[in-house]
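Heads up, the thing below is written out as structure tokens.
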Amino acid sequence: MRELITDRLVLEPWRERHAAELVRLSADERVMRHIGTGVWTAGYAARRHVRALRHWAEHGFGWRAVLSRQDRAFLGLVSLIRLGTPVEGVAEPALEIGWWVDPRVWGRGIATEAAAAMLCEAFCRLGAESVVARYQAANLGSARVTAKIGMSPFRESTDPQGRPMRICVISRDDHRRACPRADAASGRG
Ligand SMILES: CC(C)(COP(=O)(O)OP(=O)(O)OC[C@H]1O[C@@H](n2cnc3c(N)ncnc32)[C@H](O)[C@@H]1OP(=O)(O)O)[C@@H](O)C(=O)NCCC(=O)NCCS
């Protein structure tokens, strides 16, 4: 399983050793403020960790740990998964992208840099036709990240608790236009 390398980051396929970092991130109220589940218990985080490992084993892609290229410190995670719930009107095959960054390094462009590399992975290696992001409308940080990586608002909806949700999409053609260096993220390993 190969790593993706960007200017400042290594995106490492999700591994056993990332379990403790997931427990820590998912217990942080700042990180989970706009996540429908709220903070995760250690047990629930362990189950999601196993699910992430299984997604890699079954599909050959999935969550990645975001590491500093300088010292491989853990900075967060980016996810690229098969759509759990299909989004009507979105060209298939479609994948879903997501991002969680450690609050200690918010505001440094980490989410944007990692997510842009994941779009290249989705379109260039995995042959996706569309990539979807879903987030609570109040999540202004995620709204900015989607805009900066070329995604467009597609549909408004609500989550099971009735909170406003936004679905953003980028198509293969839009990605090619927005990202002339479609091979910006090089791979190794
Ligand atoms: C959303 C999140 C991933 C952004 O990470 P980040 O590395 O700080 O994002 P970036 O530095 O790449 O910022 C991208 C843009 O978003 C803006 N931004 C980031 N957080 C913001 C916030 N809370 N409110 C408004 N704008 C915000 C940045 O200013 C930047 O825009 P700019 O270049 O125009 O100034 C991070 O806040 C996070 O992990 N949140 C908790 C987890 C989460 O909600 N994930 C999404 C679940 S759907």
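The values are calculated or read from the model by the stated rules, or taken from the named source; none is laboratory data. Since this is a predicted model, take the numbers as computed values, not measurements. When we count neighbours, we look across all protein chains shown, and the Cβ atoms used for this are built from the backbone with ideal geometry, even at glycine. SASA here: full protein model, heavy atoms, side chains in, ligands and nucleic acids out. Shrake-Rupley method; radii C 1.70, N 1.55, O 1.52, S 1.80 Å.
Report the accessible area of residue 40, computed with a 1.4 Å probe over the heavy atoms of all protein chains in place, in Å² rounded to the nearest 10.
Number for this one is 20 Å².
Rolling a 1.4 angstrom probe over the protein chains, ignoring ligands and nucleic acids, what is the accessible area of residue 145 in square angstrom, nearest 10?
That residue has around 10 Å² of solvent-accessible surface.
Please work out the average accessible area per residue across the chain, using the 1.4 Å probe convention, and give it in Å².
Working: 9760 Å² over 189 residues.
Each residue of the chain exposes 52 Å² on average to a 1.4 Å probe.
As a test of reading the structure, rank 71, 173, 159, 7 by solvent-accessible area (1.4 Å probe, protein chains only), most first. Write out the running numbers ahead of the final one.
Numbers: 71 105, 173 75, 159 20, 7 135 Å².
Output order, biggest surface exposure first: 7, 71, 173, 159.
Roughly how big is the chain's charge dipole about its Cα centre, with Cβ charges of +1 (Lys, Arg) and -1 (Asp, Glu), in debye to the nearest 20? Please list the in-between numbers first.
Working: 29 positive and 21 negative charges, 68 e Å.
Roughly 320 debye, rounded to the nearest 20.
So how exposed is residue 85, as accessible area in Å² (1.4 Å probe, rounded to 10)?
Taking all protein chains as shown, residue 85 has close to 80 Å².
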